[in-house]
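Accompanying notes for the structure given below.
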Amino acid sequence: MAKPLLRSLVPDRLAEVVAACGAEPYRARQLATWLYGYDALDWDELRNLPRALRASLAEGWDLQGLQPVERQVGGDGTRKFLFRLRDGQTVESVIIPMESHATFCLSTQVGCAMACRFCATARGGLVRNLEAGEILEQVAHLRRDLRADPVPGHGDRQFNAVFMGMGEPLDNWDALPDTLSTMLAPDGLGMSKRRVQVSTSGPGEGLRRLLELAPGTGLTLSLGGTTDEERKRLMPVPGRTGLAEVLELGRLYARQSGRRTTIAWVLIAGSTDGADQARRLAKLAAGGLFKVNLIPLNPLDDDRQAPPAPDVVLAFQGILDAAGIDTTVRLSGGRDIAAACGQLRRRREAGGSAPGKQDGGRPD
Ligand code: SAH
């Protein structure tokens, strides 16, 4: 049996852990600094803690639950990581270098139960939820990677976190509240709410619980249809919640958080790229509480679905723009390294070798 991960505890509870080891209370703050300031992964790194305390902590807790097994760098600088968990399962995380900061794309589950037709993670169903510590440790590995190999022109600590890796965050209530709490806590990662984005396929129950939790972070709603039928066809499980209700919950969240909710719209040729859909989407997004991100499909290797041609993408965006909806096209980074969520893990499990550079440092 693996020990619990120390990062699965919210920072407030480190005091109990330290007390149980018979150490002075101020050691808790030092421990938090190692976990969330220096991203420690090995007990030996905790140099200002007495050896006896380290040994006693190590008896009850694990500091590392993820082993990096693959790192790929795409032509656009996107870095994709595959981690092996202590039970042998694997998850992916991505660093997307933006102009002034890095965005960390984090996984919340091994697999996913939402069964979205266009998503690689959905193919194997849900295996299990990640623990809070397993989600937070992805940040530790990604920050260590950036320290070892910085993106030129980027500052040190500023990164954004988006839950757009594998899994449905609003289907993992074992871990989401503590994960967010550690991310935002001053003695945790100390992130600003504005730098955290929860992305969801929008199961109604999950959205209602998020409203109760009221974390104040950003929310992205992956819509998948402008009618209930369209949505259900592409996103069978979240599609059980009616579109009107999903959008109403998205509006409530925007009011609660004081930030517009983002609608993520995956553009698939001949399926979600029609001018009529763009007009309906513009109506659904009207009212000032939503903005729209258009994501051309990152096609799966065994699928006939494809992204629309660039002029179709621009035309779709033009319709939303003309209706006064703030719309951005998000080119899915790292297409050459299979960076759409779940693709790397799938290729590896299928035994195929993934294209792209292996641990190649900065692309040339
Ligand atoms: N379950 C959450 C988070 C993971 S998916 C959610 O649905 O939001 C993160 C984003 O990637 C979603 O907006 C989803 O619609 C999008 N996505 C999934 N597969 C994709 C693919 N093959 N190409 C482009 N975008 C994809």
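Being farther than 27 Å from residue 131 by Cα and either within 13 Å of the ligand (Cβ to nearest atom) or hydrophobic (A, V, I, L, M, F, W, C) (or both) is a property that does not hold for residue 219.
Taking the condition within 11 Å of the ligand (Cβ to nearest atom) and either farther than 26 Å from residue 2 by Cα or without any contact (Cβ under 8 Å) to a residue 40 or more places away in the chain (or both), does residue 117 pass? Against the criterion (within 11 Å of the ligand (Cβ to nearest atom) and either farther than 26 Å from residue 2 by Cα or without any contact (Cβ under 8 Å) to a residue 40 or more places away in the chain (or both)), residue 117 qualifies. Search the range 265-275 for residues being under 17 Å from residue 233 (Cα atoms) and surrounded by fewer than 19 Cβ atoms within 10 Å (Cβ to Cβ), and hand back the single one that is nearest to the ligand (Cβ to nearest atom). Among those that are under 17 Å from residue 233 (Cα atoms) and surrounded by fewer than 19 Cβ atoms within 10 Å (Cβ to Cβ), it is 269. Only residues that are out of contact with any Asp or Glu (no Cβ under 7 Å at 6 or more places or on another chain) and over 18 Å from residue 66 (Cβ atoms) were counted in the range 2-43, giving 21.
Among 155, 239, 224, which is more than 28 Å from residue 81 (Cβ to Cβ) and not acidic (Asp, Glu)? First the steps, then the outcome.
Numbers: 155 fails: more than 28 Å from residue 81 (Cβ to Cβ); 224 fails: more than 28 Å from residue 81 (Cβ to Cβ).
The unique qualifying residue is 239.
Considering the range 115-164, the residues that are of a type in the set (Gly, Ala, Ser) and part of a helix (DSSP H, G or I) include one that is modelled with the lowest pLDDT, namely 124. All of 122, 132, 102 fail the test of being farther than 25 Å from residue 35 by Cα and in the same structural domain as residue 272 (by TED's automatic domain parsing), apart from 122.
Residue pairs whose Cβ atoms lie under 8 Å apart, separated by 6 or more positions or on different chains, with the first residue in the range 299-328 and closer than 19 Å to residue 119 by Cβ and the second polar (S, T, N, Q) and outside any loop (DSSP other than H, G, I, E, B), are 300/343; 301/343.
Looking at the range 295-318, which of the residues that are out of contact with any Asp or Glu (no Cβ under 8 Å at 6 or more places or on another chain) and not in a loop (DSSP other than H, G, I, E, B) is nearest to the ligand (Cβ to nearest atom)?
As a first pass, look at the range 295-318 and keep what is out of contact with any Asp or Glu (no Cβ under 8 Å at 6 or more places or on another chain): 295-307, 309-311, 314-315, 317-318.
Still in the running and not in a loop (DSSP other than H, G, I, E, B): 295-296, 310-311, 314-315, 317-318.
On the way: 295: 5, 296: 7, 310: 15, 311: 19, 314: 17, 315: 19, 317: 16, 318: 21 Å.
Top of the filtered list is 295.
Only one of the numbered conditions (1) under 25 Å from residue 10 (Cα atoms); (2) out of contact with any Ser or Thr (no Cβ under 8 Å at 6 or more places or on another chain); (3) within 14 Å of the ligand (Cβ to nearest atom) is not met by residue 185, and that is (3).
The values are calculated or read from the model by the stated rules, or taken from the named source; none is laboratory data. Just so it is clear, the structure is predicted and the values come from calculations on it, not from any experiment. All Cβ positions, glycine included, derive from the backbone under ideal geometry; neighbour counts span all protein chains shown.
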